[in-house]
1. List every residue whose amide H lies under 5 Å from the amide H of Leu481, counting only residues 5 or more places away in sequence or on a different chain, with H placed 1.01 Å from N in the peptide plane.
2. Mind ranking 161-170, 174-183 by how tightly packed they are, going by the mean number of other C-beta atoms within 10 angstrom, highest first?
3. Return the distance in nm (one decimal) between the two label points of a simple spin-label model at Arg274 and Ser356, each offset 7 Å from Cα along Cα→Cβ.
4. Reachable aspartates and glutamates from Lys26, Cα under 14 Å, same-chain residues fewer than 8 places away excluded?
5. Which value, in debye to the nearest 20, gives the size of the charge dipole of the stretch 10-188 about its Cα centre, when Lys and Arg are +1 and Asp and Glu are -1 at the Cβ?
6. Over all alpha-carbon pairs of the stretch 409-535, lay out the pair-distance distribution in 10 Å bins, whole %, shortest bin first.
7. I need the peptides 230-240, 334-344 ranked by packing, meaning the mean over residues of other C-beta atoms within 10 angstrom, with the highest value on top.
8. Which whole-number value in Å³ per residue fits the convex hull of the alpha carbons of the stretch 10-188?
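Here, each number is a calculation from the coordinates, and none is a lab measurement. In this text, all values refer to a predicted model and were calculated from it rather than measured experimentally. Here the Cβ positions follow ideal geometry from the backbone for every residue, glycine too, while neighbour counts run over all protein chains shown.
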Amino acid sequence: MTGISPRPGVEAALGASWERCERKYKLARDTARPILRMQSTEVAPRLEEMIERTGGRNGIFRQLSGIAAETGACMVLTDTDGVLVRLEGPEQGRVIFEQNGIAFGSCWDERVAGTNGVSMALSEGEAFTVRGQDHYFALLQPFSCTAVPLFDAENRIIGAVNFSMIDRGNKADYLFARQLLGTAADRVQRLLFERQFKDAMILGVAPQAGRDLMQHDELVAVNEDGIILGSTARAHLLADADNPAQLKGKAFETVFGADAAILDKVPERVVSVRREGGSSLLITARNHQLGVGAQPGWRPARKADAPEPIRRRLGPSFRRLSQGSDQMAAICARAKACFRRALPFVIEGASGTGKSSLVAALVEGERLNATQVMTVDCASLDDTTEDRVYFQTLVDQARVAGALCADILGPVTLVFENVDEMPKFAQAGLRSVLDAFDPIPASDGVPRIIATSRRSLIDAVGQGAFRDDLYFLLARTVVSLPPLAARERLDRLATDLAASLAGVEVEVAPEAMERLCAHHWPGNARELRNVLQQALIAGDGRRISGVDLNGLIQFVPQPQSKAPCARISHNGYDEATMITDALAGARWNVSQAARALGMGRATIHRKMKQHGIIRPD
């Protein structure tokens, strides 16, 4: 994603351009018709070459043309010489652009057209906005011009795409154009990159956490030896390199800290790598594009009609969330239906009931990658200049996401955690986003918006803490997660969760299960997970006994009205069973078992003899 913040050298670059125009090229600022135009016969072959170099008629520029027409702008496509080979915009408004030189065949080389967005983007190699007052020629000063360079698979500039519009002095217009064009330019390069390196393994590399909705992963192609063959335009920035050429020919593991070969052996083919300084990178093995298989020697060949299933482990699946509860299964199904239809909805529930896990399951179910999901913790937002700017940027990015089709940007998801604690300024911004979007059933082009809340959001409305108009836009559906104590079959959930934590089937002794079912679980599923994890550590990792729960939860007799577990038949937790469980959990280390039971070593030896407890062979 092209950066949205002005570079420190922007003013210096503009000043240097003006100086060249005045002193080197001897251009007169008040020239009546400064822009030169080529004949259509000269431009036609340039257009065909541009179509070929940008990957053919892929629909990206047609999409931009439609957005330009809706916003009153003109989309301009130029080649490396700055010659305008394609111009699209509103029919009624194009006349004023053409009268001022923004026309088919016009040349935007700085030596002819003075300081302008196209020439600055091509010379600087990155997105550039030239406001009306920044244009060298007075004739162009009614217009703003935002241009983004286009790169091929080898990171060579092949042209530029530009939005020209009447300059209203509105920074939001510049930001919208930069993000929109930057996303489209990224898509063009990715298409070219995937075609050129179709026989190599392509890896996606992205920061694991960020505050940028428009952020894409960068692509890196490697051969069977893990050597980098090429990368997209900004991959080198993630490796702290100066330019893309510094990555080529180096081992992927040396540059990014992960062996590319291991990605085929891990769940979802995703690994997280912590870098020096504490930041992390998310590295993903992407599927090969255009139906082309892997390079011979990279992976063992597989039969096309018998693909090897992808193994998953510990994923936040709907099955695990709804284990032992028909009520939770129905809730998950309703949330999934809303998510697929891009309907905004709210997930309510006390701490630990599984709000974040449900969001993760929804994202995993749609196979979205990390760069397509933006999570905002509303409780961490303060009414400061920094947070106001951040949230306004997020709102502007959501506008771009809504304008672009899914084929260019991909489906994006906004998650607002603790939305009941969202400051007033952010509520106003979120309302503007929701007001602009009308969800279309089964549409991938509309950003998906989910909010979570630890308390009833309608109660927050009644208390004046949350806007009522925002509530009815956001809460198309309210999904309320029940507390753990209200789940129908807690024994099934506990057994499944213990097996997930241990990585093997775990036996939960009857007396231990009775204590688990009798507990009221104020911390809900999060508390259950912690208790089971500590119990597995205390025992042998394959069986949880009542002894393993000592100090973790208190035994409370189960009320007659509460029946969350299956009927448990046992003869009581007698002393012999308790001692045997303690010894088994300690792998028959008598001293360790004695400490777990709170008795001396001599005492436990005496009781073992008394009950006839003998260590198994």
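1. Glu348, Gly349
2. Numbers: 161-170: 19.6, 174-183: 25.1.
Packing order, densest peptide first, comes out as 174-183, 161-170.
3. Once both label points are built, they end up 1.7 nm from each other.
4. Cα-Cα hits under 14 Å: Glu110.
5. Working: 20 positive and 24 negative charges, 56 e Å.
The dipole magnitude comes to about 260 debye.
6. Distribution as computed: 10, 31, 21, 23, 14, 1 percent.
7. Details: 230-240: 20.9, 334-344: 18.1.
Output ranking for 230-240, 334-344: 230-240, 334-344.
8. On the way: hull volume 19.3 nm³, N = 179.
Normalising the Cα hull of the stretch 10-188 by residue number yields 108 Å³.
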